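Taken together, the values in this text are just the output of simple stated rules run on the coordinates, not laboratory data. For clarity, every value in this text was computed on a predicted model and none was experimentally measured.
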Amino acid sequence: YKLDPSKPMTLKALIQDVRKGAHVAIFPEGRISTSGGLMKIYDGTGMLIEKTGAVVLPVRVDGAEYSYFSRMGGKLKRRLFPKIRLTFLPPVRFAEGEKISAEQVYD
């Protein structure tokens, strides 16, 4: 489901699902970038990890900005079949209740 950072009840439901063993994929910026840069990372991602002690598997997506489905508009040359690379970083394990920062997750 879509997590709305302005509605705390959606985060509460997600925390309950993760505690039950659900796997989730989160784009912590909350929406797609139209500039190509990293956007603000919402606090909900950190709160989810702190409340559940979830294991985080950081994934980097490169190349999707050249797709015709990208929202970069006319800023980049679009390609019919762009090379898209997924880089999976080592899993990061946090203890439940441990205070974390975005730098700990994304470095």
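Numbers at a glance
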| item | result |
| --- | --- |
| Extension gain (nm, one decimal) between Val24 and Tyr68, 0.36 nm per residue minus Cα-Cα | 13.2 nm |
| Net lengthening on full extension, Ile84/Lys12 (0.36 nm per residue, minus Cα-Cα) | 22.6 nm |
